[in-house]
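Student: Can you keep this structure in mind? I'll have questions shortly.
The values are calculated or read from the model by the stated rules, or taken from the named source; none is laboratory data. Predicted model, so just to flag it, every value in this text is computed and none were measured. Cβ coordinates were reconstructed from backbone atoms using ideal geometry, including for glycine residues, and neighbour counts include every protein chain displayed. All accessible areas refer to the heavy atoms of the entire protein, side chains included, with ligands and DNA or RNA removed. Shrake-Rupley method; radii C 1.70, N 1.55, O 1.52, S 1.80 Å.
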Amino acid sequence: MARNIQSLERAAAMLRLLAGGERRLGLSDIASSLGLAKGTAHGILRTLQHEGFVEQDDASGRYQLGAELLRLGTTYLDVHELRARALVWTDDLARSSGESVYLGVLHQQGVLIVHHVFRPDDSRQVLEIGAMQPLHSTALGKVLSAYDPVAHSEALENERKAFTDRTVCEADAFEHLLDLTRARGYAADVEETWEGVASVAAPIHDRRRMPVGAVGVTGAVERLRRDGELRPELIAAVRDCARAVSRDLGAGRF
């Protein structure tokens, strides 16, 4: 019988320990809980931290699970499953809103469009499945950046290009937008990426309540806004669609 590799067993035990109980643990707590010498525990933690599986809080020195683990954990959710679960709800959203609907997921440093429902009129439109959108300026991207730690890092660490004079590029102002997105449960893009175009998006979560994508509507500013504000019924419809897809993925009520 093949022998197990002790260091991998210890690393796995450490990740399980950090996944349960308190959100952050100190080195002494981790070492004593696993019956390890502090030096041994610290060496494993340092390796896990280098790979992004563990993060250390600068203020307290305590450890918690890292963003790279989230990236690996969400890969089990096949994009095709997400799209399949969203088909009916996105069709309904396009009909009720009268606008184009997009379903996006994090891919590299941007948003990959995995599903696109045309605006339900006779206008000529181009299918945008497979297109990439920026994280920092689009509603879909801001939602992912607000709820997904990996997307958040990508948006902050890479260049935030000014597409229009309304694009928010400065780091502190961008962080404020993400705080606002989390507080109200949706993100908006009003001519921040394309002149004359606005969009609204909300997050989709899986059965572990992890963010796995975003859904949104996009259309002309004059249609999406009323009296200078985004139409509240449109925002409500987008959020309802996101919650419905999340429920179908096993997330329960949000």
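Student: Out of the residues in segment 51-70 meeting the condition of being among the acidic types (D, E) and touching a residue at least 24 places away in the same chain (Cβ under 8 Å), tell me which one is farthest from E9 (Cα to Cα).
Tutor: Among residues in segment 51-70 that are among the acidic types (D, E) and touching a residue at least 24 places away in the same chain (Cβ under 8 Å), the one farthest from E9 (Cα to Cα) is D57.
Student: On to the next question. Report, ordered by the first and then the second residue, all pairs with beta carbons closer than 8 Å, sequence separation of six or more or different chains, a first member in segment 38-50 that is assigned by the TED database to the domain that holds L18, and a second member that is among the basic types (K, R) and open to solvent by 20 Å² or more (accessible area, probe 1.4 Å).
Tutor: T40/R10; I44/R10
Student: Residue by residue through segment 68-106, note down the ones that are open to solvent by 30 Å² or more (accessible area, probe 1.4 Å) and either assigned by the TED database to the domain that holds G26 or modelled with pLDDT under 85 (or both).
Tutor: The answer is E68, L69, R71, L72, T74, T75, Y76, D78, V79, H80, E81.
Student: Would it be correct to say that L65 is assigned by the TED database to the domain that holds I235, open to solvent by 50 Å² or more (accessible area, probe 1.4 Å) and either over 30 Å from A19 (Cβ atoms) or in contact with a Leu (Cβ under 6 Å, 6 or more places away or on another chain) (or both)?
Tutor: Answer is no for this residue.
Student: Specify the residue that is modelled with the lowest pLDDT; the eligible residues are those in segment 2-30 that are open to solvent by less than 40 Å² (accessible area, probe 1.4 Å) and more than 15 Å from Q56 (Cβ to Cβ).
Tutor: G20
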